[in-house]
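This report concerns only the one structure given below.
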Amino acid sequence: MQHSNEIYPIERIISAATYMTAGGAGFIWLIIAALAKKRVTPFLMYHILQSIFLAIAYFLLTVLCNMIYVILYRIPLINAIPYFINMPLPFAFGLSIIQIITTVVILYLAITSFMGIYSYIPWVSNIINQNTGRK
């Protein structure tokens, strides 16, 4: 019988995989659990919801940034700012600053969830805690 604070290895693997797939693995796991009529543990539900929330927020943020970039590209001298933000850095394996930040955040979330820790991102984790009933 599972204790309330025991986290099984499969839960850790799925929670890490759900961050690496932008919520896809977690969404599939929710469908499988619903079909099998199994209960999803609070640890796994927390990470699945957080990864899906972050994936949607990232998508909306990129759409907003693209709209801003279109406007900035038309303004002389200011049009270089979006270029420098998205410029591939040779010392960072060709990644841009935004890609480096995104990769570091995803790795942080995946590694901490694999370790069995409730990873924390300000504001996002607070919203997920309120919606899952976790304090």
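The numbers here are math on the coordinates, done by the rules we state, and not lab data. What you see is a predicted model; the values in this text were computed from it and never measured.
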Subject >> Debye equation applied to the C-alpha atoms of the chain, log10 I(q)/I(0) at 0.13, 0.17, 0.19 Å⁻¹ >> reply: -0.65, -0.94, -1.08
Subject >> Under-5 Å amide H pairs with Leu95, H placed in peptide plane, nonlocal only >> reply: Leu89
Subject >> MRE, 222 nm, helices only [DSSP H, n ≥ 4, -39500 (n - 2.57), over the chain, to nearest 500] >> reply: -22000 deg cm²/dmol
Original post:
Residue by residue, what Karplus-based ³J(HN,Hα) values in Hz, rounded to whole numbers, does region 90-105 have, using 6.51, -1.76 and 1.60 with θ = phi - 60° and x for Gly and Pro?
Top reply: x, 7, 10, 6, x, 8, 8, 4, 5, 5, 5, 4, 4, 5, 5, 5
Original post:
Roughly how many Å is it from the Cα centre of region 13-27 to that of region 57-126, as a whole number?
Top reply: 19
**OP:** Using only alpha carbon pairs under 8 Å that are at least six residues apart, calculate the relative contact order of region 9-132 and give it in whole percent.
**Re:** 33
Original post:
Looking only at Val104, Val70, Val40, which one moves most when the chain is put into a Gaussian network model with springs between Cα atoms under 10 Å?
Top reply: Val70
